[in-house]
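Below is one structure, written out as structure tokens, with a few remarks after it.
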Amino acid sequence: MIIVPGFAFIVAVAASIVNIYDGLRSATTTVDAGGSWNFLDARLAGGTRSFAGPDMAYNTRAASRSVNRTVVPSVMSFSPTADGAGLVDIGGDRYWVETAGKSYSLTNPDPQTLRFEIQAGDKASYDYANGAACDRSQIDGSAGGHMPVGTPVNINYQFMLEPNGPNGSFTNTARWFVTGEMQSTAYGASPPFAIELKGDHLQVVARYVRPGGNPSNGSSDLKMLTLWTDPNPIQTGQYHNIQIQTNVSNNSSGYLQVSVNGTRVVSYQGPLGYGAPTYWMYGLYRSPTSETVAAKFRNMTLTTGADSSSGK
């Protein structure tokens, strides 16, 4: 199911019928008591569409203005396996499943939402093989391929933490905790940037090496930047809008812009990453600790190409 959010054409009479057109494609919906309408349409692909809807009330044809709205892609295929692997398809974008394979590790509460949960000791199968010290429930966009160096990327989603502490609070004692990361194909390297949790505060970190440098952790060539830490604790039980525009290039053309709930919190221009292709991952990934953590991610969109709203 594709949600077309935000339609509110105040041109219609309550209880009248509106016909909606997207080129030759049409749908029909009923106007609510306030004179507004919206609709769900499973046939539309994700992206930006232009719509116009003539009001058919009382045999009049007062056409609304055309508007552009982003069509949010649905979870089209959800097929985790018992061993914590498998695939998820979100609007045609494929992601590997990387979880402990528990009944709670990754669920699909509705067509736009994925819920991730980790408990102490939860790992993906390859974490055991590699001896990795972590707890993990993530999906990995490398299933759909890698993004070449220099590709402008736009990522938008909503993120909600469930309370796990007293009085609806969030408790996190992990040394590091990643919720979303642009990962690199550079062997053994940490993500060029990540949306993290520092205790109960959101944080944005970035890394790079100059061309020819060694991106391995511990290398003197590796530069790590803490670009933003929210001064306020994260609010549980409510969605936070995350918008990212980036170009992962380890030269002067690199940039990273991050907005949270409509406020720009990061505007970084400079080297980013390691001069290697990248892919997007998200979910819950942390150093081992005892707390159970659950979060929902919904309305994930990832597009490539310059975003005119970002100024890039």
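Solvent-accessible surface of segment 255-296, averaged per residue with a 1.4 angstrom probe and all protein chains in place: 30 square angstrom.
Hey, if you drop one equal point scatterer on each alpha-carbon of segment 152-213 and run the Debye formula without solvent, what base-10 log of I(q)/I(0) do you get at q = 0.13, 0.23 Å⁻¹? Debye intensities relative to I(0), on a log10 scale: -0.47, -1.06. Along its principal axes, segment 179-312 has C-alpha extents of 44, 40, 25 angstrom, given from the largest down. Just add up the charged neighbours of GLY141: K/R +1, D/E -1, any other residue whose Cβ is under 9 Å from the Cβ of GLY141. Neighbour charge sum, excluding GLY141 itself: -1. Close amide H contacts of THR179 (hydrogens built in the peptide plane, cut-off under 5 Å, sequence separation of 5 or more or a different chain): ILE195, GLU196, LEU197.
The convex hull defined by the C-alpha atoms of segment 193-257 has an orientation-averaged projected area of 5.4 nm². Take 193-206, 175-188 and order them by the average number of nearby Cβ atoms within 10 Å per residue, most first; the result is 193-206, 175-188. For GLY84, the residues whose amide H sits under 5 Å from its own are GLY101, ignoring neighbours fewer than 5 places away on the same chain, with H placed 1.01 Å from N.
Each 10 Å bin, from zero up to the one with the longest distance, holds this percent of the alpha carbon pairs of segment 131-254: 11, 40, 34, 14, 2, 0.
Of all accessible surface on segment 77-192 at a 1.4 Å probe, what whole percent is carbon and sulfur? Carbon-and-sulfur percentage of accessible area, whole number: 52.
The values are calculated or read from the model by the stated rules, or taken from the named source; none is laboratory data. Here the structure is a predicted model, which is why all the values come from computation and not from measurement. Note that each Cβ is placed from the backbone with ideal geometry, even for glycine, and that neighbours are counted across all protein chains shown. What goes into the accessible areas is simple: the full protein's heavy atoms, side chains included, and nothing from ligands, DNA or RNA. Shrake-Rupley method; radii C 1.70, N 1.55, O 1.52, S 1.80 Å.
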